[in-house]
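Quick notes on the structure that follows.
A short reminder: the numbers here are calculations on the coordinates, not readings from a lab. Here the structure is a predicted model, which is why all the values come from computation and not from measurement. For neighbour counting, all protein chains shown are included, and Cβ atoms are generated from backbone atoms with ideal geometry for every residue, glycine included.
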Amino acid sequence: MSETATPATGVSKSLKELDRAVIRFAGDSGDGMQLTGEQFTTESAWAGNDIATLPNFPAEIRAPAGTLFGVSSFQLQFGSQRVYTPGDRLDCLVAMNPAALKVHVGDLKTGGLLIVNTQAFDKRNLDKAGYAANPLDDPTLAERYRLHKVDMTALTHEAIKDLALNAKEKDRTKNFFALGLVSWIYTRPLEPTLEWIRKKFGKTPSIAEANTRVLKAGHAFGETAEIFGEHYAVEPAEMAPGLYRAMTGNRALAWGLLAAAQRSKVPLVYGAYPITPASDILHELALHKRFRVRTIQAEDEIAAVTSAIGASFGGAIGVTGSSGPGVALKGEGIGLAVMAELPLVIFDIQRGGPSTGLPTKTEQADLMQALYGRNSESPVVVLAPATPGDCFYIAYEAVRIAAKYMVPVIVLSDGFLANGSEPWLIPDPATLPPIEIGFRTEKDGFFPYLRDPATLARPWVRPGTPGLEHRIGGIEKQDVTGNISYDPENHDHMVRTRAEKVRRVAQEIPPTSINGPATGDVLVVGWGGTYGAITAAVERTRAEGKSVASIHLRHMNPLPPDLGHILREYRRVLVPEINSGQLVRVLRAEYLVDAVGFNRVRGLPLASEEIHEAINQLLGSQA
Amino acid sequence: MSPSGADAKEAPKYTKKDFESDQDVRWCPGCGDYAILSAVQKAMPDLGIPKEDIVFISGIGCSSRFPYYMNTYGFHTIHGRAPALATGLRLARPDLKVFVVTGDGDGLSIGGNHMLHVLRRNVNVTILLFNNRIYGLTKGQYSPTSELGKVTKSTPMGSADRPVNPLAFALGCGATFVARAVDRNIQHMEETLKRAARHHGAAFLEILQNCNVYNDLAWNVMYDKEQKVQYELRLQHGKPLLFGPADDRSAVIMDGVVPKVVKAKDVPESALWTHDERNVNAAKLLADLFAPDFPVPIGVLEDIEAPIYENVLLDQEQRALSERGPGDIAKLLTSGDTWRISEGA
């Protein structure tokens, strides 16, 4: 980190340049911390930085105020270099109450900036957070961190004392004070937030006025208060030129489906039952009826998947989305789509489990469920996006493969990707590969299970096509004719055929891109939302002069055809996952390589620091 | 694509044979399903719908083999889920005529939830529920419509669950068309089938069906000549609720809010209960009538109109399209907050 002090023009306080910073806003779940973080993210995007975010909130909608489990936080890292993760250790923590301080202060770097709202540190809140004494009076806190005690509540009320709002309404705007203050500290532009306030509260001018004033008051406080001796600038990052937007994983999945619906010229039906953290996909799709995307809020997870299958049978693109518990319920339905050989896309936004588990926290423990979580031999294609923006391409690709091969495709996203956002280079949709859907209408030589020689796909026939009336179902059938068959040899043949069809999807997978040397000491193999943490750790290790590379799998089944060869080009293989070792088990079984896992299952993304350590340990253990 | 159903296209002149598939029918000899299949195939030509526009969706169970024997489009799906699958199909393809074939186990036990929702949403599907009060395909366990105390393989000392009444269930779900037919009353079944098929919205038709292997003569009250004469109450819109032998007619009348059976000759005509298919509350009372204390109503209990689920959604789509034109992903991607990073920035 370069911290060269440069005299700033026009301001009396010194402006230091940083190449990156990690900030976390933390408070009660009703304190508006998610909004504060999102707005700070937008400001940083305006400033041209690369960004990665990590929202973290309790499962309860309004957890009791002041409690430890009611703490909600939003973390982001922004930088003038490529930013791969939301960051491990914090440069700055904003704690709106004692509970937030207690939960998060351990993540703050020694010497880091700690900003607290003093008025929230009253007896009641201290009790709720389990503090016997006020931690702000403990001198060690100020010794370890650059502590700034700010009575944000009082300053907020002062800024809007003449507005006709009640005390509660006034109180609620204090997150904008925090935002204004931190925006000053990191020289973020206020314009996007002012614009947001104008749009959001256009109909309630008094609220708009209050938020605007409080935001500016926080900003002015930083500039004028004696306590802040310096502030920081983070130069724009060198990013590929083009038009950018902030993108979350769930929105990207939804928009990927819209792109697929438009390109394929076929209606898309999305069946879903509300579940965290997947519901936002349903909400987003419901906004875009103009794309002929039809949404069903089904009565349960099973109806969600079967309504999607019904739509596919009718010649639409059937898609369903859920999280792990819901996908468990969909298992039999997915099996039906395997048997009926119909296109179907299933989103699994993984969360902590088993059972209800940690609904709002991230995990990668549904890989085995996706691969094997159904009765009997039930192969499906499994894809996994690497970043929030990648969700767009993966959703599109899932539809393309499902339709081309007449096969279910499971997409494994996770809570981190779903809610996390990144600056996303907007693609030209015309450059996406075509989705070719050729419904069969030719009567001559038609059989329901006649197969395309290249893909083994059976014909997709829309009911309503004269002369092609036929029946399909979940019972085993004779290949080609589709007639019910209990013949032993035929069943064996069909089991192999369904597997081979999925295997042939490998011909769609581009060569694996390797981050680092093509041969070396350690290869780190990752999948899903750990992309950023792994890449950052590997680049750091390589900067230390070590021979380390990484690859990130987006196709989990079938695996890339070149994977076996790549794995053998390194002395050791490390597989970091937020589960107890699922991909590593697949790789060991598939390729007989002595891959080792690095596994933490805390409901949080892996930290690049710990992956870095694991790589070094593996390097050390072989030396 | 017209959301109003499949009646826009002109259908060729069909005969029953056109609806027979090439598959061997595999129900037990003597099964009531044969009569139902024959009645459905016979009713089809009268509906005037091109057969390529007809889809039969089923779940699991003896009844659910039905689609294989119809020379239309068909999908034999998984246990209990046919109504949900049909909902997705209708939303994707409002131009198709969709039938759901189910049984008392498939439709009211494992699929009870989906049955509830397809009915309350009023999805435009025709639901045929074959009720034989037994699990046949799994070889003879009691079903959700079996009588309390039913002795079966799984209940050697008698079942402990009280049965569900399919008609009362359907009405409770807000169904817009509810009717009952009997597998051995072919002509009446055909007529009632056609009424159900022509209904706009979810039509629920319970067919009392005989499982001669595991629950023979469960509906003997409707089969035995003497009993049938005594108990069959044919519902006819606008006609009084009269039943029993021609020379000794009985009537169902309302005694306060309680139905009561009286001799027809003992009450003035003005006291008779006139059947009104649009009266939902009356239908709910009718649904609960059964022998031996009451007659067994057959025919259409209720036929009303209500918004159709997929039509409402497709109207919204049309509105969105006409107000703002078709969606354009390129425009959407660049909408809202964006920023440009230029070369060498």
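See the values below:
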item	result
Segment A:379-395 versus segment B:322-345: alpha-carbon centroid distance in Å	22 Å
Cleavage-rule hits (GluC sites (Glu not before Pro)) in segment B:288-345: DSSP loop, at most 13 neighbouring Cβ within 10 angstrom	B:E305, B:E343
Dipole of segment A:520-622 [Lys/Arg +1, Asp/Glu -1 at C-beta], most positive-end residue of A:P558, A:S621, A:P605	A:P558
For A:424-431, mean number of other protein chain Cβ atoms within 10 Å	3
Ellipsoid semi-axes in whole angstrom, largest first, where each is sqrt(5λ) of the Cα gyration tensor of chain B	41, 24, 21
Positive-end residue, chain B charge dipole about Cα centroid, Cβ charges, pick of B:G172, B:L148, B:V280	B:L148
Backbone N under 13 Å from the A:E195 label point (7 Å along Cα→Cβ), restricted to segment A:231-273	A:244-246
Range in chain A, longest, excluding exposed trypsin sites (Lys or Arg not before Pro) [loop by DSSP; at most 16 other beta-carbon atoms within 10 Å]	A:266-439
Count of Lys pairs (Cα-Cα under 18 Å; at least 8 positions apart or interchain) in segment A:112-268	12
Span from the segment A:206-283 Cα centroid across to the segment A:101-140 one, whole angstrom	29 Å
Gyration tensor (Cα) of segment A:16-83, equivalent ellipsoid semi-axes in angstrom	27, 10, 9
Qualifying GluC sites (Glu not before Pro) for segment B:1-96 [loop in DSSP, other Cβ within 10 Å: at most 16]	B:E10
From phi via Karplus (6.51, -1.76, 1.60), per-residue ³J(HN,Hα) for segment A:95-108 in Hz, x at Gly/Pro	10, 7, 7, x, 4, 5, 5, 4, 5, 10, 5, x, 8, 7
Nearest-ten-degree value, helix B:82-92 long axis tilted from longest Cα axis of chain B	40 degrees
Dipole magnitude (debye, nearest 20) for the protein assembly as shown, charges at Cβ of Lys, Arg, Asp, Glu	580 debye
Average partner coverage of A:275-283, which counts Cβ from other chains inside 10 Å	0
Table column - 3J(HN,Hα) (Hz), segment A:263-273, Karplus curve with 6.51, -1.76, 1.60, x for Gly and Pro	5, 7, 6, 10, x, 10, 10, 10, x, 8, 10
Calculated P(r) of segment A:1-129 - Cα pairs past 20 Å, %	48 percent
Distance between modelled label sites at A:R602 and A:K161, nm, 7 Å Cα→Cβ extension	4.5 nm
Cβ-Cβ FRET estimate between A:D137 and A:Y372, R0 fixed at 60 Å, reported to 0.05	0.60
5 angstrom amide H check on B:V100, placed H, neighbours 5+ away	B:I57, B:T126, B:I127, B:L128
Kirkwood hydrodynamic radius of chain A, from inverse mean 1/r over distinct Cα pairs, in Å	26.2 Å
For chain A, the longest site-free run once chymotrypsin sites (Phe, Trp or Tyr not before Pro) in DSSP loop states with at most 16 other Cβ atoms within 10 Å are removed	A:202-438
B:V257 versus A:A543: modelled label distance in nm, points set 7 Å from Cα along the beta carbon direction	7.8 nm
Sorted by Cβ density within 10 Å, fewest first, the residues B:T152, A:T248, A:T320	B:T152, A:T248, A:T320
Unit charges at the beta carbon, dipole of chain A: most positive-side option, A:I484, A:A499, A:L155	A:I484
Convex hull volume per residue for segment A:5-234, taking Cα atoms only, in Å³	126 Å³
Hydrodynamic radius (Kirkwood) for segment A:245-430, which is based on Cα pairs only, to one decimal in Å	15.7 Å
For A:L147, distant residues with modelled amide H under 5 Å away	A:L114
Rounded to the nearest 20 debye, dipole of segment A:5-234 from Cβ charges on Lys, Arg, Asp, Glu	340 debye
Given charges at beta-carbon only (K, R positive; D, E negative), |dipole| of chain B in Debye	320 debye
Projected-area mean, segment A:520-622, by convex hull of Cα positions, square nanometres	5.9 nm²
Estimated 222 nm signal from helices in chain A, with DSSP H stretches of n ≥ 4 weighted -39500 (n - 2.57), rounded to 500	-11000 deg cm²/dmol
Using θ = phi - 60° and Karplus 6.51 cos²θ - 1.76 cosθ + 1.60, couplings along segment A:526-543 (whole Hz; Gly, Pro as x)	x, 8, x, x, 7, 3, x, 5, 5, 4, 4, 5, 5, 5, 5, 5, 5, 5
For A:Q350, distant residues with modelled amide H under 5 Å away	A:S413, A:D414, A:G415
Label-to-label distance, nm, for residues given as A:A430 and A:D594 (7 Å Cα→Cβ offset)	5.4 nm
